[in-house]
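Down below is the structure, laid out as structure tokens.
The values are calculated or read from the model by the stated rules, or taken from the named source; none is laboratory data. On a predicted model such as this, the values are computed, not experimentally measured, just so you know. Positions of Cβ are generated from backbone atoms using ideal geometry, with glycine treated the same way; all protein chains shown enter the neighbour counts. Surface areas here come from the heavy atoms of the whole protein model, side chains and all, with no ligands, DNA or RNA. Shrake-Rupley method; radii C 1.70, N 1.55, O 1.52, S 1.80 Å.
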Amino acid sequence: MPDRHAIEALILDAVRLLAEDFELNALKSPTTHSPLYGEGGALDSMALVNLIADVEDALTEKFGVSVTLADEKAMSARHSPYRSVAALVDAVIERMPS
Amino acid sequence: MKTIVITGTRKGIGQALAQHYLGEGWRVAGCSRGEASIKHVNYRHFELDVSDENAVVAMARTLHSDYGQVEALLNNAGIASMNHALLTPASTVNRILQTNVLGTFLFCREMAKLMRRTKTGRIVNFTTVAHPLNLEGEAIYAASKAAVESLTRILARELAELRITVNAIGPTPIETDLIRGVPQAKMDALIARQAIQRLGEVRDVINAVDFYLREESNFITGQVLYLGGVC
Ligand SMILES: NC(=O)c1ccc[n+]([C@@H]2O[C@H](COP(=O)([O-])OP(=O)(O)OC[C@H]3O[C@@H](n4cnc5c(N)ncnc54)[C@H](OP(=O)(O)O)[C@@H]3O)[C@@H](O)[C@H]2O)c1
């Protein structure tokens, strides 16, 4: 099972690639603290949809795990799991098959 | 080789569509609850229920890892039940909504993810003339297809940025198992309400689907095309 560090690296890579595709200057050199979606975040809903799908694909490709990030828990959470890179890392770890 | 996903390929219209697109040089990924009825080097069958979220996600993951992307989706799998509303059990209502609405939605969601990078994705959903004609005895079936039409129009907007078009086709009666139980008198009355009064044929459906799939149709989305001059 990948550790937190590996998941963080995977998400940062995905954000970087997306920032290039969508020409999002604020996210071209992302850190774990970078806001993503919502308050202060640079992603619009279409970019977010792409990022979530990219991260799910990369998790399957790199680690052979199938994780669904857009579940009911994510939709109803008080603090969106998509607000920052760190929050997204937490969301992936929480949903990793045990 | 381009990949087209077609649901409900074991028999009926879906089977004919699969054979047509295999003949046209596509790779076809089909599915149904039952076993494959098509044998072809470029055909791959997934035995699943379209309303089973985990199974649909697993199919999408397999297609992603084996083929990378998908160019088109035909949401053909569908069921009907012809019955007076007062004689329709809730379990039937659930079954119809699960297959026709949830199944269509899940395939749109999962396959759109695999179309993202192609910038030419095509989704064709299946409705019916029973909805615009407000056919008695088909309340739940028609309502489920009304939901499919609404999904079609809204997804057309939501997916436009990904350059995926989402349209629908509404066939008139075509001789398949779906309408086998409908009495002849009822069928004749229904056909009498069409501008062009004959049974539909699979080639009528293929013609409309072909039109939606064409490269040149990239400015056509959110549309519902009824056959036989029903409007
Ligand atoms: N025929 C008509 O007169 C007519 C008119 C208007 C619209 N339509 C629409 O055209 C589409 C195809 O109809 P058809 O006439 O070809 O019907 P059909 O002959 O009854 O075939 C239905 C196909 O869908 C599959 N299917 C049904 N439920 C499924 C499920 N839950 N999961 C996966 N596959 C499922 C069936 O295979 P399994 O049984 O193996 O699952 C079969 O291959 C439907 O959406 C229908 O509403 C038909």
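Numbers below:
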quantity	calculated
Hits in the stretch B:1-25 (condition: part of a helix (DSSP H, G or I) and either open to solvent by 10 Å² or more (accessible area, probe 1.4 Å) or near the ligand (Cβ under 6 Å from one of its atoms) (or both))	B:G12, B:I13, B:G14, B:Q15, B:A16, B:Q19, B:H20, B:L22, B:G23
Filter pass, B:A160 being within 14 Å of the ligand (Cβ to nearest atom) and more than 20 Å from B:I96 (Cβ to Cβ)	no
Cross-chain or 6+ apart pairs with Cβ under 6 Å, the stretch B:20-37 first and closer than 22 Å to B:N100 by Cα, then among the aliphatic types (A, V, I, L, M) and near the ligand (Cβ under 9 Å from one of its atoms)	B:C31/B:L48
Filtered residue count, the stretch A:13-28, keeping only those that are in a helix (DSSP H, G or I) and under 18 Å from A:G40 (Cβ atoms)	6
Candidate set: the stretch A:44-82, residues that are of a type in the set (S, T, Y) and within 12 Å of chain B (Cβ to nearest Cβ); chosen: the one least open to solvent (accessible area, probe 1.4 Å)	A:T60
Selection status of B:Y212, within 11 Å of the ligand (Cβ to nearest atom) and either within 14 Å of another protein chain (Cβ to nearest Cβ) or among the aromatic types (F, W, Y) (or both)	no
The stretch B:100-151: number of residues that are away from chain A (no Cβ under 14 Å), open to solvent by 20 Å² or more (accessible area, probe 1.4 Å) and among the β-branched types (V, I, T)	3
Candidate set from the stretch B:170-190 (those that are among the charged types (D, E, K, R) and near the ligand (Cβ under 9 Å from one of its atoms)); member that is least open to solvent (accessible area, probe 1.4 Å)	B:D177
From B:N125, B:N167, residue being more than 10 Å from the ligand (Cβ to nearest atom), among the polar types (S, T, N, Q) and closer than 16 Å to B:L213 by Cβ	B:N167
One residue from B:D66, B:D52 being under 19 Å from the mean Cα position of the chain (by Cα) and either within 30 Å of B:N94 (Cβ to Cβ) or more than 15 Å from the ligand (Cβ to nearest atom) (or both)	B:D52
